[in-house]
There are 2 protein chains.
Amino acid sequence: MSNSDDAPVRESPVPLSECGAALAIDQIPDRWTWLILREMFYGVSRFADIQTDIGIPKSVLSGRLAQIVENGLVKKEAYRDGSARTRYAYVLTQKGRELVPVILALMQWGDKHIKNGESALELTDKRSGNPVKIGVVPKGGALPLRWVTYKPVWDKKQADGSS
Amino acid sequence: MSNSDDAPVRESPVPLSECGAALAIDQIPDRWTWLILREMFYGVSRFADIQTDIGIPKSVLSGRLAQIVENGLVKKEAYRDGSARTRYAYVLTQKGRELVPVILALMQWGDKHIKNGESALELTDKRSGNPVKIGVVPKGGALPLRWVTYKPVWDKKQADGSS
DNA sequence: TCATCTGAGTTTGACATTTGAACTCTGCTC
DNA sequence: GAGCAGAGTTCAAATGTCAAACTCAGATGA
């Protein structure tokens with residue numbers, strides 16, 4: 001909202017209850033919820049895997065999962081590991097998957113401003129192989145998400161220094 | 001990360017400490033921080049204005065502002081209202097302004113999935129006047145943010161019903 | 001000179017949430 | 001039928017949130 005050198009804005013032009021951003025924030029209100037969605041974006045779907053991956057207390061994970069399932073971002077799916085008993089995996093719904101651009105935009109920002117331009121994930125157009133990013137486009141001009149390929153390029157050497 | 005019908009992902013390919021998204025989330029960890037940034041996106045910059053606009057307790061606002069100033073998302077700028085004493089406004093830095101695509105992506109998601117497609121803010125390309133959105137683009141193919149014009153289209157009738 | 005006002009905080013103390021550890025529950029598998 | 005593992009639930013202590021009251025500083029007025 002460039003208001004340049006005029007009178008200051010004293011109130012947002014859109015109240016919280018009418019603002020898509022504010023309403024979205026209400027469905028992803030805290031750090032844990034964001035990190036859980038990040039895990040699912042990466043394909044991690046089991047309770048215990050998410051728990052150890054991001055270091056969240058089980059009690060909190062259980063509560064947050066219930067919330068995002070209730071909000072329809074994630075659904076619980078039965079799976080069976082080998083011949084063991086049925087367990088549940090948490091996977092993004094269509095609604096949840098459409099948050100991916102938000103996560104990618106955050107990642108892009110973090111890579112630029114916190115990691116000094118070093119990205120840990122390469123995004124390319126599956127058809128052309130050309131790199132892609134998140135940005136402003138004319139309506140109808142965006143590439144479909146399903147054409148995007150993700151390739152981790154995290155350099156283990158940095159953390160590891162192994163022989 | 002489409003892993004289709006193979007073995008499940010048991011661990012994210014990028015650890016939290018190397019993931020731009022996770023690092024970004026650490027700088028905007030809660031609802032209040034998001035809402036404060038939303039206010040600044042809309043141009044609301046004064047302590048008291050932000051406070052009443054989003055209904056945040058003063059003590060919490062004061063703490064959150066200190067955090068985002070320390071993280072460099074926002075800077076404190078002196079202003080003088082009429083002949084009153086110098087006071088401070090909080091405005092986005094370049095780093096903060098580059099979060100705008102994230103906020104817009106959230107807004108787009110909220111408009112689609114919570115407001116059933118009703119947007120309260122129209123985004124257009126300042127040059128052509130054509131509508132724009134946030135999406136995946138070939139690298140280098142995005143429109144610069146400064147070409148985007150924001151126009152509130154919130155329909156007061158809905159909340160108001162005035163004569 | 002002194003009292004008052006206003007924006008921007010800080011302090012306070014009651015209340016709510018988060019944390020991590022210990023416990024439970026449920027069906028395997030041996 | 002004992003042991004195991006994943007997915008929770010329960011609990012007390014630490015931490016964070018809330019609203020109201022208080023502070024502070026400089027302009028303004030009497």
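Given the criteria at pLDDT 95 or above, more than 13 Å from the chain's Cα centre (by Cα) and hydrophobic (A, V, I, L, M, F, W, C), does A:ALA22 qualify?
Details: at pLDDT 95 or above: yes; more than 13 Å from the chain's Cα centre (by Cα): yes; hydrophobic (A, V, I, L, M, F, W, C): yes.
Yes; evaluated as a whole, the condition is true for this residue.
Please work out if B:VAL60 is touching a residue at least 24 places away in the same chain (Cβ under 8 Å) and β-branched (Val, Ile, Thr).
When the stated conditions are applied, B:VAL60 passes them.
Taking segment A:17-29, which residues are surrounded by 19 or more Cβ atoms within 10 Å (Cβ to Cβ) and not in a loop (DSSP other than H, G, I, E, B)?
Narrowing segment A:17-29 to residues surrounded by 19 or more Cβ atoms within 10 Å (Cβ to Cβ): A:18-25, A:27-28.
Scanning segment A:17-29 gives A:GLU18, A:GLY20, A:ALA21, A:ALA22, A:LEU23, A:ALA24, A:ILE25, A:GLN27.
From the list A:PRO13, A:PRO8, pick out the single residue that is open to solvent by 40 Å² or more (accessible area, probe 1.4 Å) and more than 15 Å from DNA strand C (Cβ to nearest atom).
Working: A:PRO8 fails: more than 15 Å from DNA strand C (Cβ to nearest atom).
Every option except A:PRO13 fails the conditions.
Would you mention how many residues in segment B:31-65 are of a type outside the set (Val, Ile, Thr), away from every other protein chain (no Cβ under 11 Å), within 11 Å of DNA strand D (Cβ to nearest atom) and in a helix (DSSP H, G or I)?
Filtering segment B:31-65 down to residues of a type outside the set (Val, Ile, Thr) leaves B:31-32, B:34-35, B:37-43, B:45-49, B:51, B:53, B:55, B:57-59, B:61-65.
Right, trim to away from every other protein chain (no Cβ under 11 Å) and you get B:47, B:51, B:57-59, B:61-65.
Checking the rest, the ones that are also within 11 Å of DNA strand D (Cβ to nearest atom) come to B:51, B:57-59, B:61-64.
Then keep just the ones that are in a helix (DSSP H, G or I); that gives B:51, B:58-59, B:61-64.
Count: 7.
Would you confirm whether or not segment B:21-30 contains a residue that is within 22 Å of A:ILE103 (Cβ to Cβ) and within 12 Å of DNA strand D (Cβ to nearest atom)? Working first, answer last.
So in segment B:21-30, the residues within 22 Å of A:ILE103 (Cβ to Cβ) come out as B:21-30.
Cutting the leftovers down to within 12 Å of DNA strand D (Cβ to nearest atom) gives us B:29-30.
The answer is yes, given that some residue of segment B:21-30 is within 22 Å of A:ILE103 (Cβ to Cβ) and within 12 Å of DNA strand D (Cβ to nearest atom).
Please work out if A:VAL100 is more than 15 Å from DNA strand C (Cβ to nearest atom), touching a residue at least 24 places away in the same chain (Cβ under 8 Å) and over 16 Å from B:ALA22 (Cβ atoms). Walk me through it before giving the result.
Details: more than 15 Å from DNA strand C (Cβ to nearest atom): yes; touching a residue at least 24 places away in the same chain (Cβ under 8 Å): yes; over 16 Å from B:ALA22 (Cβ atoms): no.
Spelling it out, it is not the case that A:VAL100 is more than 15 Å from DNA strand C (Cβ to nearest atom), touching a residue at least 24 places away in the same chain (Cβ under 8 Å) and over 16 Å from B:ALA22 (Cβ atoms).
Given the condition at pLDDT 95 or above, open to solvent by less than 10 Å² (accessible area, probe 1.4 Å) and either small (Gly, Ala, Ser) or more than 30 Å from B:VAL137 (Cβ to Cβ) (or both), answer yes or no: does some residue in segment A:58-68 qualify?
Yes, segment A:58-68 contains at least one residue that is at pLDDT 95 or above, open to solvent by less than 10 Å² (accessible area, probe 1.4 Å) and either small (Gly, Ala, Ser) or more than 30 Å from B:VAL137 (Cβ to Cβ) (or both).
Among all residue pairs at least 6 apart or on different chains, which show Cβ distances below 7 Å where the first residue, located in segment B:66-93, is in contact (Cβ under 8 Å) with a residue 12 or more places away in the chain and within 12 Å of DNA strand D (Cβ to nearest atom) and the second is open to solvent by 80 Å² or more (accessible area, probe 1.4 Å) and not in a strand (DSSP E or B)?
B:ARG87/B:ASP81
The values are calculated or read from the model by the stated rules, or taken from the named source; none is laboratory data. Computed from a predicted model, the values in this text were never measured in an experiment. Here the Cβ is made from the backbone with ideal geometry for all residues, glycine too, and neighbour counts use every protein chain on show. Note: accessible area is taken over every heavy atom of the protein model, side chains too, but ligands, DNA and RNA are not part of it. Shrake-Rupley method; radii C 1.70, N 1.55, O 1.52, S 1.80 Å.
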